[in-house]
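Engineer: Next up is a structure, given as structure tokens.
The numbers here are math on the coordinates, done by the rules we state, and not lab data. Since the structure is predicted, the reported quantities are computational estimates derived from the model, not experimental observations. When we count neighbours, we look across all protein chains shown, and the Cβ atoms used for this are built from the backbone with ideal geometry, even at glycine.
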Amino acid sequence: MSPSSRVSSNLQTAFLRSAVCVAALGTLLDPALGQRGATPEPSADALRSESPAAELVQRWLDTGRIAGAQARVRRGDEVLLELCLGSRSIDLDSQLPEDTIYRIYSMSKPITVAAALILVDRGVIELDQDVATILPEFEALRAYAPRNRSAEEHESGLRTEPLDQPMTVRDLMRHTSGLTYGFFAMSPVDRLVRECDPLNPESSLEDLVAKLAKIPLKHQPGTTWEYGLSTDVLGRVIEVAAEQPFDEFLRTEIFEPLGMVDTGFSVSQRTSYRVSMVHERRGGSLRTMGQWPSDRRPGLSSGGGGLLSTLSDYERFVDMLTNGGVVQGDDEDSVRRILSEDSVREMTSNQLDGQRLSGMVSVAVPGGFGLGVSVADEEHSPEGGPGEGTWGWAGAAGTFFWVDPSRNLSGVFMVQNWQDSSLGPLFRKAFYEGLE
């Protein structure tokens, strides 16, 4: 029996499962963060009658575009849409479990930025601090300058010039550091980055920084938004400044306080069976693709794309941010602050001065950019869709989340389709159509 036929009979019950509104954290919402400019909402009863978003996911299953998907959309604590359809592998004849673990790739980035902001809140580092004061390997950084006639030849063989201004921690968080991934373009700097294999899982964050320190920056810091290795370098900033391995810092400062029990750079052998396969399209059909073993701990803890997580775990992280940086404590009268309200505002506010997101990333998540998340501007806030100020991010295998403060909505969408970046935005678009 195929995944699509297996779930069709249960589609109506999977469309929407209303939840009793539990307001333990609702009173902690800062209106400026979670409810600014709130617009009238349709009732949950009106949403139960049909769900274009669930119908869309079912259509993807029926046509073989995906093997399975999981999603939950809420208004505050009220669940408006919840689905878990298909299977964790196109090769398996079993229902997708609700505790499935996904490779979230670049949805690791907001978590890494939040970890760095914890150190900002504690006064350990500053947003506008020169990264070279933390990572001395970067003290001699220069920028690629092919059109500068007075540029000097770098040891890499490229013409370079001194930095006009230092690369800052803020630049790492908003992708204006001058660093690149190396595989989105074909410039000489991109070629050098590809050749040094910075994300080799058997290396380390220290190795990554050492490799990048030998390559000129693609841009002068602070001048150009380009998606790249900035967040991975930020992971090294965290472990040097905190004097603690990056993965341990995430565990003690974010995952354990938030109860994110299934989130990390690897999983135990006991839970590895719950990890979804990543799929890709080849020859018109969906196939599984090889990945680094989920139960093998990598040497390099990639804060830019190395985490695995569940929908429920990631939702806890999003909840912390939408609630102004706090999480419910062990009893209903206590809360624990993870981030300051100022840091959450900084993270979810547009940080780009007239710059636009560029490259293939901008197609999936257009608009401005905060610290680790995209932020929708007026131009990218269509009537009836996500409001201005909506923030979120996505992952290379189609995972996606967003928070719409104008409607007090948040959603997490999990799927494992390699480089199928349109799935999350299309799911969100269909959800908003159901609100009309």
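Engineer: For the stretch 216-346, what ratio Rg/Rh do Cα atoms give with a Kirkwood hydrodynamic radius? Mind showing how you got there, number by number?
Structural biologist: Working: Rg = 17.8 Å, Rh = 17.4 Å.
Radius of gyration relative to Kirkwood radius: 1.02.
Engineer: Right, here's the next one. Mind ordering 402-409, 312-319 by average Cβ neighbours within 10 Å, highest first?
Structural biologist: Working: 402-409: 22.4, 312-319: 20.5.
Put in order of decreasing packing, that is 402-409, 312-319.
Engineer: A follow-up question, please. What is the spin-label model distance, in nm, from Asp121 to Arg336 if the labels are put 7 Å beyond Cα along the C-beta direction?
Structural biologist: The answer from the label model is 1.2 nm.
Engineer: I would also like to ask the following. In terms of Cα to Cα distance under 12 Å, which aspartates and glutamates are near enough to Lys429, apart from those fewer than 8 places away along the same chain?
Structural biologist: Hits, sequence-local ones excluded: Glu383.
Engineer: So which GluC sites (Glu not before Pro) in the stretch 62-144 pass both tests, a DSSP loop state and at most 15 other Cβ atoms within 10 Å of the Cβ?
Structural biologist: Values: sites: Glu78, Glu82, Glu98, Glu126, Glu137, Glu139; in loops: Glu98, Glu126, Glu139.
Here the GluC sites (Glu not before Pro) that fit, given the DSSP loop and packing criteria, are Glu98, Glu126, Glu139.
Engineer: May I ask for the distance between the Cα centers of the stretch 232-294 and the stretch 191-214, given as a whole number of Å?
Structural biologist: Measuring centre to centre over Cα atoms gives 19 Å.
Engineer: Students often check this: by mean Cβ neighbours within 10 Å, which of 420-428, 251-259 ranks highest, and how do the rest follow? Don't jump to the answer; show the numbers that get you there.
Structural biologist: On the way: 420-428: 21.3, 251-259: 16.9.
Per-residue Cβ counts within 10 Å, averaged per peptide and sorted highest first, yield 420-428, 251-259.
Engineer: Additional query: Could you please rank Ile104, Ile338, Ile90, placing first whichever residue has the fewest other Cβ atoms within 10 Å of its Cβ? Present the calculation step by step, with values, prior to reporting the outcome.
Structural biologist: On the way: Ile104 31, Ile338 24, Ile90 19.
Sorted ascending by nearby Cβ count, the order is Ile90, Ile338, Ile104.
Engineer: So, one more: Can you give the Kirkwood hydrodynamic radius of the stretch 106-257 from its Cα pairs, in Å with one decimal?
Structural biologist: Values: mean 1/r = 0.0637 Å⁻¹.
Computed over Cα pairs of the stretch 106-257, the Kirkwood hydrodynamic radius comes out at 15.7 Å.
Engineer: For Val79, enumerate residues with amide H under 5 Å from its amide H, sequence gap 5+ or separate chain, H modeled in the peptide plane.
Structural biologist: The answer is Ala19.
Engineer: Using alpha carbon centroids, what distance separates the stretch 364-436 and the stretch 53-120, in Å?
Structural biologist: Rounded to whole Å, the Cα centres lie 13 Å apart.
Engineer: Could you please rank Thr63, Thr133, placing first whichever residue has the fewest other Cβ atoms within 10 Å of its Cβ?
Structural biologist: On the way: Thr63 10, Thr133 13.
In order of increasing Cβ crowding within 10 Å: Thr63, Thr133.
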